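Note sheet for the following structure.
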């Protein structure tokens, strides 16, 4: 068979002028996503668990789902140390060396880094997300390519305040939060919304993101005598200390937290003091074995010879981002739009996808997923049990 006839038979005759070598190279080019994570520093435990979720997700996409329209999905990982300057340098390093037609998505490590990068992300029209659920980022008019893969911190506060209202309509509330972007983000909303719901914020406690003695905090809370205490901005760096100190001081208040407190390590570290701690959480837990994606990833890791023990929330969140981005990339490729702009377009059309049960839905509302459940710590079982069905916060 002549070369021209062969090319026509396989459906690429129109590309004859480009030549077979060029065509083969073009097909072989990967689709790349980059993740900037704290693999060292105070939140290294979270960053490395997140990295594992990205690795498993990318390998699953390539080996089980066939990649992205025949192209391999490639993961780029950079360490940020949970430092904005180091994270910004990593971002610039990745953007300077990668081709814009190959690097189609970047994932950052924090609220602080995301806010620092947001203007440049907008200028580059680069699809982006992060560990952050900052309300400011869920603004498609200002940041049309940034997506928040979950409810914002404001949404999470709304869910907690609704639950408080159900339990005690005129509740007294204390807000304890870190002096970080992460900690401060939803506090204005929580104060305003609590007032609108007829509740009183009787105490605010602003702390470093990590410390070794929570006794002064517990003493301040005992004097304020709240019915409920909401913790924000710690990611397990302080919650167990606060819960244990509160128990030692005899506080009767009920404690609550948002997504990054919704981890089994909190129960393990706080012990009996964690009983009843209520959290917002919007992914499946690794022990939710009836959820299809959990069963699927257990089987996948088993085939790989990898540890099947509990995978933390940071793993599940990262896995959810990879699967959703890959699905949007496949749909964009099917429409002939495998570009940054195409990824944004098809992320905005992902409402019929739920990551095999990992999320309620990937239907973005103002570029965030306003869905969560409330869970409560069960110390005897060593797990968080759901106390609500899915709540829609928009």
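Derivation of every value follows stated rules applied to the coordinates shown; laboratory data play no part. Only a predicted model underlies this, so the values are computations on that prediction, with no experimental measurement involved. Cβ coordinates were reconstructed from backbone atoms using ideal geometry, including for glycine residues, and neighbour counts include every protein chain displayed.
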Considering the alpha-carbon set of region 103-210 alone, what are its Rg and its Dmax in angstrom? 15.9, 51
Figure the gain on full extension for residue 341 and residue 142 (residue separation times 0.36 nm, minus the Cα-Cα span) and round it to one decimal in nm. 70.1 nm
Starting with the fewest neighbours, write out 131, 180, 289 ranked by other beta-carbon atoms found within 10 Å of each beta-carbon. 289, 180, 131
Contour minus end-to-end for residue 352 and residue 166, with contour as 0.36 nm per residue of separation and end-to-end as the Cα-Cα distance? 63.8 nm
On the principal axes of its Cα set, how long, how wide and how thick is region 255-326? Give whole Å, largest value first. 38, 26, 19
Roughly speaking, what is the stretch gain from residue 220 to residue 307, that is 0.36 nm per residue apart minus the C-alpha to C-alpha distance, in nm to one decimal? 27.0 nm
The exposure ranking of 385, 155, fewest beta-carbon neighbours within 10 Å first, is 385, 155
Region 33-180: Rg to Rh, with Rh as the Kirkwood radius over Cα pairs: 1.04
Among rounded, prolate and oblate, which fits region 261-394 when a ≥ b ≥ c are the square roots of the eigenvalues of its C-alpha gyration tensor, a/c under 1.5 means rounded, and a/b larger than b/c means prolate? oblate
Within region 358-379, backbone nitrogen closer than 11 Å to the virtual label 7 Å beyond the Cα of residue 390 toward Cβ: 358-364, 370-373
Compute the relative contact order of region 20-178 as a whole-number percentage, counting only Cα pairs closer than 8 Å that sit 6 or more residues apart in sequence. 20 percent
Two-site label geometry, residue 298 and residue 93: point separation in nm, points 7 Å out along Cα→Cβ: 3.9 nm
Given the C-alpha centroids of region 238-257 and region 126-194, what is the distance between them in whole angstrom? 22 Å
Relative contact order of region 186-339, defined on C-alpha pairs under 8 angstrom at six or more residues apart (%): 15 percent
Rank the residues 267, 387 as a footprinting-exposure proxy: fewest other Cβ atoms within 10 Å of their Cβ go first. 387, 267
What does the convex hull of the Cα atoms come to per residue for region 244-284, in Å³? 69 Å³
Report relative contact order for the chain in percent, whole number only (criteria: Cα-Cα under 8 Å, sequence separation at least 6). 16 percent
